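The values are calculated or read from the model by the stated rules, or taken from the named source; none is laboratory data. Computed from a prediction, not measured in an experiment: that's the story for all the values here. Cβ coordinates were reconstructed from backbone atoms using ideal geometry, including for glycine residues, and neighbour counts include every protein chain displayed.
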Amino acid sequence: MIVVIPAYEPDEKLLGVLKDFTEQTSFPIVVVNDGSSEACRPVFDAVRAFDHVVLLEHEVNKGKGAAMKTAFRYIGEHFPADEAVMTVDADGQHLVSDALRVAERLKEHPDALILGSRKFTGNVPFKSRAGNAITRGVFKFCTGVRVYDTQTGLRAFSASRIPEMCGLKGDRYEYEINQLIYCTKNKIDIVEEWIDTVYIEENKSSHFHAVKDSFRIYKVLLLGTSFLRFVVSSFISFLVDYAVYVLLLWLTSRYIAQDELQSLLSVVGARIVSCTCNYFLNRYLVFHAKDSRMSFLKYALLSVIILGIQSGLTAGAVSIGMNKWIVYIPVQLIVYPLSYLLQRAIVFREDRR
């Protein structure tokens with residue numbers, strides 16, 4: 001096991017981390033100075049005094065992801081592929097006892113990405129608790145995979161995965177989210193090992209920027225997963241749906257006097273056309289599902305259920321006086337997110353652990 005510690009503007013806590021790891025383990029350690037200021041030079045000079053510790057340095061700050069990739073490349077060049085890699089934060093929030101348990105889990109699951117996940121119990125800053133809860137929910141919505149602690153810096157994986165990890169996009173905090181997305185896309189197990197939740201001095205030493213770094217993370221989640229493709233697929237299907245609905249509404253209004261019946265027939269006809277279009281778009285472009293008669297049958301059954309919900313909402317809204325030409329749009333805003341979740345969970349379900 002080789003330990004990687006990216007460090008930007010560290011204080012004495014970094015030396016405490018090194019002291020604990022060198023005294024309690026025999027792991028080689030690679031520390032990356034990610035362009036810290038000269039005020040941190042005494043800390044890094046002290047890092048050189050530890051046995052089995054290698055110090056790599058960036059001339060300018062490149063970000064946590066870039067620092068980790070620098071360390072990964074060094075490990076790939078100087079250590080055998082049957083070794084393992086563990087990333088640890090420099091601020092003292094990861095205990096050696098937790099790191100050892102994560103290392104043991106990697107032995108049990110050598111092909112997996114192991115996360116040291118915090119339960120966020122005890123005295124946890126509200127910003128950290130809320131931020132992790134929101135990111136956890138967005139990650140689950142976008143990928144369909146439940147990861148409790150998406151932002152943990154304590155992770156372990158086989159050194160044979162270094163080429164994959166170095167090829168991932170992202171140089172800052174979004175890199176760690178990209179790791180998780182990569183695993184979900186390539187069906188690599190993500191295994192969580194519970195660790196202690198340790199926050200020192202209300203996490204004041206963290207360099208995570210609440211606005212800029214959160215924007216990077218959520219941009220990666222929304223653009224790097226199937227969610228964006230689903231949005232495009234839904235928008236195309238919506239245009240088809242609404243165009244057919246308007247056409248049928250115009251046709252039925254010439255022969256049927258009852259507004260509710262006009263709307264009902266138009267909804268059914270529009271849904272049949274748009275559902276066929278949406279099924280093929282989602283199967284091939286969104287979820288990349290295999291050709292399956294069962295998925296088509298599931299989709300057809302789901303479409304009937306969604307059609308019933310949509311028809312009921314549309315007819316009900318028209319009956320209470322809402323404009324029959326406009327009501328279709330807010331109804332769709334309710335139906336499409338529901339349809340996405342059900343399609344991913346039932347129709348195009350994959351084995352996601």
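Side notes on the structure shown:
- The residue list 34, 51, 82 contains one member that is charged (D, E, K, R) and touching a His at 6+ places or on another chain (Cβ under 7 Å), which is 34.
- In region 183-226, residue surrounded by the fewest Cβ atoms within 10 Å (Cβ to Cβ) [restricted to those that are within 26 Å of residue 111 (Cβ to Cβ), modelled with pLDDT of 80 or more and touching a helix residue (DSSP H, G or I) at 6+ places or on another chain (Cβ under 7 Å)]: 191
- Any hit, region 2-21, residues being over 33 Å from the mean Cα position of the chain (by Cα) and crowded, with 18+ Cβ neighbours inside 10 Å: no
- Unique match (being surrounded by fewer than 19 Cβ atoms within 10 Å (Cβ to Cβ) and β-branched (Val, Ile, Thr)) among 331, 268, 335: 268
- Only one of 302, 285, 251, 313 that is modelled with pLDDT of 80 or more, in the same structural domain as residue 339 (by TED's automatic domain parsing) and surrounded by fewer than 17 Cβ atoms within 10 Å (Cβ to Cβ): 251
- Single residue of 71, 103, 81, 66 found to be under 22 Å from the mean Cα position of the chain (by Cα), over 21 Å from residue 12 (Cα atoms) and among the small types (Gly, Ala, Ser): 66
- Just one of the numbered conditions (1) within 27 Å of residue 92 (Cβ to Cβ); (2) modelled with pLDDT of 85 or more; (3) more than 9 Å from the chain's Cα centre (by Cα) is not true of residue 133: (2).
- Listed by position, the helices (runs of 4 or more DSSP H) enclosed by region 38-137 that each have at least 3 residues that are surrounded by 19 or more Cβ atoms within 10 Å (Cβ to Cβ) are 64-78, 96-108.
- Among the residues of region 1-26, just one is closer than 14 Å to residue 99 by Cα, part of a loop (DSSP other than H, G, I, E, B) and touching a helix residue (DSSP H, G or I) at 6+ places or on another chain (Cβ under 6 Å), namely 1.
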